[in-house]
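Before any comments, here is the structure.
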Amino acid sequence: MAMVSMKFFVPSLNSPNLRPTKRYSGMAVAASNQDAVALGVTVTQGEGNLPKLLLTSDHGSEAEIYLFGGCITSWKVPSGRDLLFVRPDAVFDKKKPISGGVPHCFPQFGPGLMQQHGFARNMDWSLVESENVEGNPNVTLELKDGPYSRAMWDFSFQARYKVVLNTKSLSTELKVTNTDNKPFTFSTALHSYFRASITGVSVKGLKGCKTLNKDPDPKNPIEGREERDAITFPGFVDCIYLDAPNEVHLDNGLGDVISIRNTNWSDAVLWNPHLQMEACYKDFVCVENAKIGTIQLEPEQSWIAKQHLSIA
């Protein structure tokens, strides 16, 4: 079958004609934008009246993305199972990041000179492009600097985030461009939460990697090397894997084995809070693609990293 590509460009949600109004901001955006987006993409109202994109494949898979934080909150395969997890304590009021799904850590991973995990997950992204290729929708979101980001990190930048939904896969591409007249450095990660039964979870593919174990003291991680073929989660886990391979496999303990492939995400992070989140720790695991070391970009330079989640 020949590939059919249809592209649609959508104005920024910051445009005057798309400015959210009162508590119905999500629906107002939907009414203004729906005719402009591709087949299989719906702009709708999510939790807290926040604008949300619903991607629907012709083959029965679905994904949801909130423009606040550019956060993917759901990925349903054709069987109807949602492979991602949003914590029960998640709030949708813009006062804090959405806790779950696939939040962005940018331009800082973890603690540092600015707030935990940077600011990208605390800002509104814009929908700038949507497309449908042979029944599979994709969207591109954009984040640029503004007063909020510059108060923490005084640089001009552009981040483009492309999300592609297929029958049994969900792919992302993050492209960060230095639009300033001076170089900057950053670190970043996709803090992915997967639905799981923690007692049955295992992660394979990290044997031999250098590790930075943040348990018991996250400020003084213990260096080591992973010797296990399959990593399990009998208690609290917070560990960085440096120079990780480009594919690991997650058995979520619920009958799904998820392939987590990447290009240019050089590191991996495993996290489960155990009794620190007694209400929900048994129901999820975080397997994150990350770039722990700093990346330096000269003016007009870009950095690109891709993630590909799939099931058999």
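The values are calculated or read from the model by the stated rules, or taken from the named source; none is laboratory data. Values in this document were obtained by computation on a predicted structure and should not be read as measured data. Virtual Cβ from ideal backbone geometry, glycine too; neighbours counted across all protein chains shown. Keep in mind that these areas ignore ligands, DNA and RNA; they rest on the heavy atoms of the full protein, side chains included. Shrake-Rupley method; radii C 1.70, N 1.55, O 1.52, S 1.80 Å.
Output the residue which, of all residues in segment 74-105 that are in a strand (DSSP E or B) and in contact with a Lys or Arg (Cβ under 8 Å, 6 or more places away or on another chain), is most open to solvent (accessible area, probe 1.4 Å). Explain how you work it out, then say what you get.
Going through segment 74-105, the residues in a strand (DSSP E or B) turn out to be 74-76, 82, 84, 86, 100, 102, 104-105.
From what is left, the residues that are in contact with a Lys or Arg (Cβ under 8 Å, 6 or more places away or on another chain) are 82, 84, 100, 104-105.
Details: D82: 33, L84: 1, G100: 0, H104: 3, C105: 1 Å².
Top of the filtered list is D82.
Return the residues of segment 160-189 that are under 19 Å from A312 (Cβ atoms), open to solvent by 10 Å² or more (accessible area, probe 1.4 Å) and not polar (S, T, N, Q); say none if nothing qualifies. Even if it seems obvious, please write down each step before you answer.
Going residue by residue through segment 160-189, those that are under 19 Å from A312 (Cβ atoms) are 164-171.
When the remaining residues are screened for being open to solvent by 10 Å² or more (accessible area, probe 1.4 Å), the result is 164, 166-169, 171.
If the condition is that a residue be under 19 Å from A312 (Cβ atoms), open to solvent by 10 Å² or more (accessible area, probe 1.4 Å) and not polar (S, T, N, Q), then V164, K168 are the ones that fit.
Answer yes or no: is there a residue in segment 228-250 that is acidic (D, E), open to solvent by 20 Å² or more (accessible area, probe 1.4 Å) and at pLDDT below 95. Give the steps one after another, and end with the answer.
Within segment 228-250, the first condition is being acidic (D, E), and the residues that meet it are 229, 238, 243, 247.
Now narrow it down to the ones that are open to solvent by 20 Å² or more (accessible area, probe 1.4 Å): 229, 238, 243, 247.
Add one more test, that the residue is at pLDDT below 95, and what stays is none.
Scanning segment 228-250 turns up no residue that is acidic (D, E), open to solvent by 20 Å² or more (accessible area, probe 1.4 Å) and at pLDDT below 95.
Please count how many residues of segment 260-279 are surrounded by fewer than 16 Cβ atoms within 10 Å (Cβ to Cβ) and closer than 19 Å to E173 by Cα.
Taking segment 260-279 as the starting set, the residues that turn out to be surrounded by fewer than 16 Cβ atoms within 10 Å (Cβ to Cβ) are 263-264, 273, 275-276, 278-279.
Subsequent filtering for residues that are closer than 19 Å to E173 by Cα retains 263-264.
The number of residues fulfilling the criteria is 2.
Can you tell me how many residues within segment 217-261 are in a loop (DSSP other than H, G, I, E, B) and over 15 Å from F284 (Cα atoms)? Walk me through it before giving the result.
Pass one, segment 217-261, residues in a loop (DSSP other than H, G, I, E, B): 217-221, 226-229, 232-236, 243-246, 252-256.
Add one more test, that the residue is over 15 Å from F284 (Cα atoms), and what stays is 217-221, 226-229, 243-246.
The number of residues fulfilling the criteria is 13.
For segment 202-227, how many residues are in contact with a His (Cβ under 9 Å, 6 or more places away or on another chain) and buried (at least 17 other Cβ atoms within 10 Å of the Cβ)?
Looking only at that region, the number is 3.
In the set N220, N178, which member is polar (S, T, N, Q), touching a residue at least 60 places away in the same chain (Cβ under 8 Å) and at negative phi?
N178
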